[in-house]
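Student: Could you have a look at this structure, given as structure tokens, before my questions?
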Amino acid sequence: MSIEVKNLTKTFDDRKVIDDISFKVNDGEILAIVGFSGSGKSTVLKLICGLIPYDNGEIITSEGDIAMVFQYSALFDSLDVADNISFALHERKDLRKKFTEDEIRKIVSEKLEMVGLKGIESKFPSELSGGMQKRVSFARAIVTNPNTILYDEPTAGLDPMSSTLIEDYIVSLKHEINAASIVVTHQMSTITRTADRVIMLYDGKIVFEGTPEELLRQETPYTKQFVTASLEGPMQMHGG
Ligand SMILES: Nc1ncnc2c1ncn2[C@@H]1O[C@H](COP(=O)(O)OP(=O)(O)OP(=O)(O)O)[C@@H](O)[C@H]1O
Ligand SMILES: [Mg+2]
């Protein structure tokens with residue numbers, strides 16, 4: 001099992017943003033985390049990849065690398081695509097001497113091919129469309145062959161076809177590297193095309209756990225409100 005979260009709690013300024021949640025993601029499984037703005041989705045990802053510390057509980061991940069694909073591609077503007085993708089291989093102490101430059105070139109071109117962008121090694125981020133930048137940021141995230149991949153709103157702001165492309169990559173990565181993945185998303189297509197299971201957060205707690213089909217059946221007040229995007233229901237927007 002690749003990610004196990006047990007009784008996780010995180011408080012910001014006296015407010016429990018994550019309140020005693022537990023869930024598991026197996027190898028080769030994609031878990032979608034959904035929920036309204038401010039429900040704690042990004043916080044969960046940041047806790048899992050160690051960007052921020054948690055107060056209580058436990059996070060167990062299997063050996064290997066964790067990759068995070070950020071909402072905004074966060075590529076280095078001054079580096080070309082090849083240098084962006086190979087960044088970790090050049091800069092990380094444990095990886096720096098592991099590959100020759102020829103091997104790195106080969107790895108970069110393989111990863112680019114995997115995201116459908118063969119041959120764009122020497123382009124700069126500013127020369128690419130938003131969707132292409134996102135796919136390059138995927139390639140950069142998977143360059144270390146992570147067995148755990150966290151995606152924060154990977155399809156937000158993309159046109160429907162680019163969204164489908166990204167969704168297909170997420171699923172193909174699950175097959176190709178048997179990764180355990182978590183996809184934070186608001187987008188229904190991303191949930192139905194990628195997720196094996198879904199959890200919904202509200203006020204730092206899990207208020208629904210099930211398959212995408214179960215989510216769409218709207219059998220609980222929470223799933224009904226989420227799927228119909230209704231203002232009426234058990235979930236209230238805070239701070240808006
Ligand atoms: N570093 C921080 N310091 C203080 N409060 C924070 C911090 N990070 C997040 N929060 C608060 O925690 C809550 C959850 O934030 P989070 O970013 O996890 O929400 P989210 O579910 O990802 O929302 P969105 O859908 O808008 O991205 C929010 O109320 C936010 O203000
Ligand atoms: Mg967020």
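Student: Go through region 202-227 and give me each residue that's within 24 Å of the chain's Cα centre (by Cα) and either away from ligand 1 (no atom under 16 Å from the Cβ) or surrounded by fewer than 13 Cβ atoms within 10 Å (Cβ to Cβ) (or both).
Tutor: Scanning region 202-227 gives Glu209, Gly210, Thr211, Pro212, Glu213, Glu214, Leu215, Leu216, Thr223, Val227.
Student: If you don't mind, there's one more thing I want to ask. Run Thr155 past the list (1) free of Cβ contacts under 8 Å to residues at least 60 places away in the same chain; (2) closer than 22 Å to Asn178 by Cα; (3) hydroxyl-bearing (Ser, Thr, Tyr); (4) not assigned by TED's automatic domain parsing to the domain that holds Asp168 and report the number of the one that doesn't hold.
Tutor: Failing condition for Thr155: (4).
Student: What residue, among those in region 37-56 that are in contact with a strand residue (DSSP E or B) (Cβ under 7 Å, 6 or more places away or on another chain) and over 20 Å from Pro146 (Cα atoms), is farthest from ligand 1 (Cβ to nearest atom)? Explain how you work it out, then say what you get.
Tutor: Quick first cut of region 37-56, residues in contact with a strand residue (DSSP E or B) (Cβ under 7 Å, 6 or more places away or on another chain) only: 39-45, 47-49, 54-56.
Of the ones still in play, those that are also over 20 Å from Pro146 (Cα atoms) are 39-41, 43, 54-56.
Numbers: Ser39: 4, Gly40: 4, Lys41: 4, Thr43: 3, Tyr54: 12, Asp55: 13, Asn56: 16 Å.
Filtering region 37-56 for residues that are in contact with a strand residue (DSSP E or B) (Cβ under 7 Å, 6 or more places away or on another chain) and over 20 Å from Pro146 (Cα atoms), the one farthest from ligand 1 (Cβ to nearest atom) comes out as Asn56.
Student: Would you confirm whether any residue within region 52-69 is within 16 Å of ligand 2 (Cβ to nearest atom) and without any contact (Cβ under 8 Å) to a residue 12 or more places away in the chain?
Tutor: no
Student: In region 159-166, is there at least one residue being more than 24 Å from Ile120 (Cα to Cα), assigned to a loop (DSSP other than H, G, I, E, B), without any contact (Cβ under 8 Å) to a residue 60 or more places away in the chain and more than 16 Å from ligand 2 (Cβ to nearest atom)?
Tutor: No; the residues of region 159-166 include none that is more than 24 Å from Ile120 (Cα to Cα), assigned to a loop (DSSP other than H, G, I, E, B), without any contact (Cβ under 8 Å) to a residue 60 or more places away in the chain and more than 16 Å from ligand 2 (Cβ to nearest atom).
Student: Regarding region 170-181, can at least one residue be identified that is part of a loop (DSSP other than H, G, I, E, B) and either within 11 Å of the chain's Cα centre (by Cα) or within 16 Å of ligand 1 (Cβ to nearest atom) (or both)?
Tutor: For region 170-181, residues part of a loop (DSSP other than H, G, I, E, B) and either within 11 Å of the chain's Cα centre (by Cα) or within 16 Å of ligand 1 (Cβ to nearest atom) (or both): absent.
Student: Continuing with the same structure: Being among the hydrophobic types (A, V, I, L, M, F, W, C) and surrounded by 21 or more Cβ atoms within 10 Å (Cβ to Cβ) narrows it down to one residue among Val44, Val17; which is it?
Tutor: Val44
The values are calculated or read from the model by the stated rules, or taken from the named source; none is laboratory data. Predicted model only: the values in this text are computed from it and were never measured. Every residue, glycine as well, gets a Cβ built from its backbone with ideal geometry; the counts of neighbours run over all protein chains shown.
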